[in-house]
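Following: one structure in structure tokens, then a few remarks.
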Amino acid sequence: MPEPHPAQGPHGTAPRRLKPAPLLFEPAAAVADEAHFFDLESIEDPRELLSRSTELVLAFRAATDRAMEFQAMAAAQLADPRRFDRLTPAVIAERAEWTEDYAKKMVEFGRELMRGGDAKE
């Protein structure tokens with residue numbers, strides 16, 4: 001499972017903050033074709049293929065990082081001791097298909113995010 005912090009860029013540096021390529025939903029017919037992936041298979045120019053596939057990689061990384069932050073914040077909210085219906089890390093782990101230790105880390109990461117702190121280790 002990924003660590004509860006944003007992905008590192010090349011050489012362990014902070015990730016580059018480029019505007020990610022838009023992730024567009026593909027038509028159902030295209031999704032059914034296993035060879036079809038965001039129309040990359042139709043690009044013949046290798047320069048254009050490299051450019052577009054790199055845009056998609058950056059977009060997926062950014063989406064993954066952002067989604068993980070939302071997971072962490074949700075886990076922290078669900079574990080909040082002020083909630084009458086709070087969940088234990090074990091229950092959160094089961095719902096998210098994590099280990100209990102990872103759920104505890106994500107709860108803490110989410111608390112840091114909600115405090116507005118730098119949640120990096």
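A few points about this structure:
- Heavy atoms of the protein chains alone define the surface here; on that basis segment 44-118 has 69 Å² accessible area per residue at 1.4 Å probe size.
- Fraction of accessible area attributable to carbon and sulfur, segment 44-118 (%, probe 1.4 Å): 53 percent
- Under the simplified labelling scheme, the T54-E108 pair shows an inter-label distance of 3.7 nm, with each label point 7 Å from Cα along Cα→Cβ.
- Listed peptides 65-73, 99-107, 77-85 by packing density, highest first (mean Cβ within 10 Å): 99-107, 65-73, 77-85
- Accessible area of R115 (1.4 Å probe, protein heavy atoms only, ligands and nucleic acids ignored): about 150 Å².
- Computed from Cα atoms alone, the Kirkwood hydrodynamic radius reported for segment 44-118 is 14.0 Å.
- Here's the picture: charge each Lys and Arg Cβ at +1 and each Asp and Glu Cβ at -1 in segment 44-118, and of A76, A93, L56 the one pushed furthest to the positive end of that dipole is A76.
The values are calculated or read from the model by the stated rules, or taken from the named source; none is laboratory data. This structure is a prediction, so every number in the text was calculated from the model and none was measured. Cβ coordinates were reconstructed from backbone atoms using ideal geometry, including for glycine residues, and neighbour counts include every protein chain displayed. Only protein heavy atoms, including side chains, enter the accessible area calculation; ligands, DNA and RNA are left aside. Shrake-Rupley method; radii C 1.70, N 1.55, O 1.52, S 1.80 Å.
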